[in-house]
Amino acid sequence: MPPSNNSWSSSQDDNEGSKLLRKSKESPFIPIGIAGCLAIVVLGLQRLRKTEQKLSVHLIHMRVAAQGFVVGAITLGVVYSMFNDYLRKPRQG
């Protein structure tokens, strides 16, 4: 039986790295949001030692800041996409 050209074969170059790069090119604000979220978490954990706040309050503030950054990045991505789709002249080709 000859090998079939199955789209589920693992020989295609669709590993996690290439998927992430492809998705990053389609919507560049998502990786920016993820990186910002991670940066806020790391900075918040570093400040945890120096703060006089209760742990639960500090973690809530970190969560709100990280979520706000991600939502802001997604919102900017949507606005950018709408600008490209509706206000700029569509490219012919």
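Any read-out appearing in this document is the output of simple, stated calculations on the displayed coordinates, not a laboratory observation. What you are looking at is a predicted structure, and each value in this text was computed from that prediction instead of being measured. As a convention, Cβ positions derive from the backbone with ideal geometry for all residues, glycine included, and neighbour counts pool all protein chains shown.
Tabulated data
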{"read-out": "Computed over the range 9-75: relative contact order in percent, which uses C-alpha pairs under 8 Å that are six or more apart", "value": "44 percent"}
{"read-out": "In sequence order, calculated HN-Hα J values of the range 60-71 (Karplus, 6.51, -1.76, 1.60; Hz; x Gly/Pro)", "value": "5, 5, 4, 5, 5, 5, 5, 5, x, 5, 5, 5"}
{"read-out": "Protection proxy ranking, peptides 63-74, 17-28, average beta carbon neighbours within 10 Å, highest first", "value": "63-74, 17-28"}
{"read-out": "Total formal charge among the other residues, if their Cβ is under 14 angstrom from that of residue 40, Lys/Arg +1 and Asp/Glu -1", "value": "+2"}
